[in-house]
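Participant: If you scroll down you'll find the structure; I have some questions about it.
The values are calculated or read from the model by the stated rules, or taken from the named source; none is laboratory data. The shown structure was predicted, so the numbers you read here are calculated from the model rather than taken from an experiment. Don't worry about glycine lacking a Cβ; one is built from the backbone with ideal geometry, like all the others, and counts go over all protein chains shown. Calculation scope for accessible area: heavy atoms of the full protein, side chains included, ligands and nucleic acids excluded. Shrake-Rupley method; radii C 1.70, N 1.55, O 1.52, S 1.80 Å.
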Amino acid sequence: MLHLTKIFLLINSLDLNRGGLTKANLQQANIFNEMGYETYILTFNYNGDYKRVINKLRKIHNISMKVKIINMYDYFRNEKNIVSKEITLDDLINKNSITEKVLNQNAIKLYENGLYKKLVKYRKDKSIKKVDHFDNNLSHLKSEFYTLDGYIGKISYMDYNLESPAQMLFYKSDSNCYLRKNVNPKNGLATKVDLINDKKITRSFDNDKFLKTYFVEEIIKNNKKSIIISDARNTDEILININNSGNIKKYIRLHTNHLDESGNISANTKEAIENLNSIDGLLVLTNQQKNDIINEFGFSKKIKVIPHGIKINPILDNNMQKRENVAVVISRLVDIKQINHIIEAINLIKNHLTNFALEIYGIGKEYNYLKDLVIFYGLEKIVLFKGYTNNPIKIYKKSLFSLVTSKSEGFTLSILESMSCGTPVIAYNFNYGPNEIIDNNENGFIVKNNDIEELSKKILYLLKRKDLLEYMGNKAKDKISVTFSKEKVTEMWHILFNESNQ
């Protein structure tokens, strides 16, 4: 019998200003660690600030130091003794330099005797983050990326006509190159990747995907009794391509709907769905999605349901009270979330609202559009944009109810978080999540998709029925504690791993 000892979670990148996927990945790693497994998170992007990012994420999400986070570039750099440097703005400015601050950015333009030569981006502590170089014709020549330790960790050399990368070089702190890429400037894809050691090319790959697969295979080559889980769709192909002797168990975990708006397999889940025969299991978050996938594609024994789990939170902390007339939305501000529907619903009932505020927490490319929509409807005193929050639980605890109006999801962690705080949710009936988390009219409301008028009625109804809010809040917390508690979900993982041991 195979006794599993290590678990590897694949995710392309970790970042501070990301929502559900990053949070789910980190929380899952913590659960595996608490279950007694050596747990690793493998990331594949280049980020000169990773040291700071990881430290902050550990504090925000209380990630155990036993959970190892290994980045591909750090692994291949293989540098234990880093030669630190202190490079600041002053070091780049000489007596002939003219500086111009870039509005609303931590950046300046540098002119040499009047000629624009560099765009310098810097961190809050004034350390250099990136320098873009330009020739006399204002063509972008190259970009230098500085690490937190002050050295240039990456240089991208630009195609003269397209002004996008044609070559990328990656450096150790001693200025020696350890990895280089030829890049197609039209699509940004690598066409040749070389690993370098002691100024010699030691291994070459035709593209980034082969490099990433090699990285994982190097990590696991002495860890055969292991499970690998792809947590992001851009790591699915890496997982599928891993050379497997039979001892490694490979799982893909979907966090999104596998279908697009037309009912076809979505582009980002295509790799997973079409390669079910190459993996040991596809993990989804709801029974409804499991049944839909089996009905369409088969593989009934390979589709497993393990939802997100959550620690049950006290409804109120000491000295914290529910705010009388505040509802909340915590979401990325992107098209799929349809935050505009919530704003339009508020507009329909604005004449019936007294001392009410809808707080929207999040960032995203739809921010300006949503802000303009609020102004158009004259809702500036009602709908308030509060920026990104790293502590949604604190916000949910203080709010009367929350709203979710997505087109589709894989589960909707925000519903789980809200209900765990005793805060009911009004949600559209999208696939997937609301129907399996919310009991309609009992611990929240489920509204027909895109029915903005009905959404507005439910908002007004809850605001008028504070007694119902308290009842629903208690029922919401009870539902989560029974069905989606951290302990309940941990047991599901135990069952899966025991099956993998067979």
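Participant: Using label points projected 7 Å from each Cα along Cα→Cβ, tell me how many nm separate Leu189 and Lys66, to one decimal.
Facilitator: 4.2
Participant: For the residue pair Tyr157 and Asn104, what label-to-label distance in nm results when each label sits 7 Å from Cα along the Cα-to-beta-carbon direction?
Facilitator: Distance between label points: 3.6 nm.
Participant: Can you pull the percent of the chain's accessible area that's carbon plus sulfur, 1.4 Å probe, other chains left in place?
Facilitator: On the chain, the fraction of accessible area on carbon and sulfur atoms equals 45 percent.
Participant: Right, another one. Helix 287-297: angle to the longest alpha-carbon principal axis of the chain, degrees 0 to 90, nearest 10?
Facilitator: 60
Participant: If you average the C-alpha positions of region 108-185 and of region 382-403 separately, how far apart do those two centres end up, in angstrom?
Facilitator: What the calculation gives is 39 Å, centre to centre.
Participant: Just to confirm the filter: which chymotrypsin sites (Phe, Trp or Tyr not before Pro) across region 1-91 are DSSP coil and have at most 13 other Cβ within 10 angstrom of their Cβ?
Facilitator: Qualifying residues, ordered by number: none.
Participant: May I pose another question? Work out, step by step, the length gained on full extension between Tyr471 and Leu138: first 0.36 nm times the residue separation, then minus their alpha carbon distance; give nm to one decimal.
Facilitator: 113.5 nm
Participant: While we're looking at this one, here's another question. Indicate the gyration tensor shape class of the chain (rounded, prolate or oblate), computed on the Cα atoms with a ≥ b ≥ c the square roots of the eigenvalues: a/c under 1.5 is rounded; otherwise a/b larger than b/c is prolate and the rest oblate.
Facilitator: oblate
Participant: Further question on the same structure: Leaving out same-chain residues fewer than 8 places away, which aspartates and glutamates sit with a Cα under 15 Å from that of Lys192?
Facilitator: Asp206, Asp208
Participant: Give me the percent of DSSP beta bridges within the chain that run antiparallel, rounded to the nearest 5.
Facilitator: So the antiparallel bridges amount to about 55 percent of the total.
Participant: Over 24 Å between Cα atoms: which of Lys209/Lys365; Lys464/Lys488; Lys117/Lys154 fall into that group?
Facilitator: Exceeds cut-off: Lys209/Lys365; Lys464/Lys488.
Participant: For Lys250, list the aspartates and glutamates whose Cα falls under 19 Å from its own Cα; do not include residues on the same chain fewer than 8 positions away.
Facilitator: The reachable aspartates and glutamates, counting only those whose Cα sits under 19 Å from Lys250, are Glu38, Glu217, Glu218, Asp231, Asp236, Glu237, Glu271, Glu274, Asp280, Glu499.
Participant: Could you please report the charge total around Val193, scoring K, R as +1 and D, E as -1 over all other residues with beta-carbon less than 13 angstrom from its beta-carbon?
Facilitator: Surrounding charge for Val193 is +3.
Participant: Quick one: work out the % antiparallel among DSSP beta bridges in region 171-323, nearest 5.
Facilitator: The antiparallel fraction comes to roughly 55 percent.
Participant: Could you do me a favour and compute the accessible area per residue for region 285-375, 1.4 Å probe, result in Å²?
Facilitator: 52
Participant: Give, in nm to one decimal, the length gained when the segment between Lys464 and Val334 is fully stretched (0.36 nm per residue of separation minus the Cα-Cα distance).
Facilitator: Working it through step by step, the gained length comes to 43.8 nm.
Participant: Give me the distance in nm between label points sitting 7 Å out from Cα along the Cα-to-Cβ direction at Ser481 and Asn243, one decimal.
Facilitator: According to this spin-label approximation, the distance is 5.3 nm.
Participant: Which GluC sites (Glu not before Pro) in region 338-423 sit in a loop by DSSP (not H, G, I, E or B) and have at most 12 other Cβ atoms within 10 Å of their own Cβ?
Facilitator: Within region 338-423, the qualifying GluC sites (Glu not before Pro) (loop, at most 12 other Cβ atoms within 10 Å) are Glu380.
Participant: For region 297-387, just say rounded, prolate or oblate: build the C-alpha gyration tensor, square-root its eigenvalues into a ≥ b ≥ c, call rounded for a/c under 1.5, and beyond that prolate if a/b exceeds b/c, oblate if not.
Facilitator: oblate
Participant: Please find the FRET efficiency linking Arg52 to Ser262, where r is the Cβ-Cβ separation and R0 is fixed at 51 Å, and quote it to the nearest 0.05.
Facilitator: My answer for the efficiency is 0.75.
Participant: Quick one: which of Lys56/Lys397; Lys68/Lys130; Lys121/Lys407 span more than 30 angstrom between C-alpha atoms?
Facilitator: Over 30 Å Cα-Cα: Lys121/Lys407.
Participant: Let me ask you something else. Full-extension gain between Ser164 and Glu218, please, as 0.36 nm times their residue separation minus the C-alpha to C-alpha distance.
Facilitator: Here the segment from Ser164 to Glu218 would lengthen by 16.3 nm.
Participant: Starting from the amide H of Lys129, placed 1.01 Å from N in the peptide plane, find each other amide H under 5 Å away whose residue is 5 or more places distant or on another chain.
Facilitator: Residues meeting the amide H criterion: Lys121, Tyr122, Arg123.
Participant: Still on this structure: Say R0 is 56 Å: what FRET efficiency, to the nearest 0.05, do Asp198 and Asn291 get from their beta-carbon distance?
Facilitator: Step by step, r from the Cβ atoms, then E = 0.50.
Participant: Over region 106-189, with the other protein chains present, what is the accessible area per residue in square angstrom, probe 1.4 angstrom?
Facilitator: 48
Participant: Cα gyration tensor of region 199-265, axes a ≥ b ≥ c as square roots of the eigenvalues: rounded (a/c below 1.5), prolate (a/b > b/c) or oblate?
Facilitator: Judged from the Cα gyration tensor, region 199-265 comes out oblate (a/c at least 1.5, b/c at or above a/b).
Participant: Using amide H atoms built in the peptide plane, which far-off residues or other-chain residues are under 5 Å from Val425 H to H?
Facilitator: Result for Val425 returns Ser402, Phe445.
Participant: Let me ask you something else. Exactly which trypsin sites (Lys or Arg not before Pro) in region 1-92 are in a DSSP loop and have at most 16 other Cβ atoms within 10 Å?
Facilitator: The qualifying sites are Arg18, Lys66, Lys80, Lys85.
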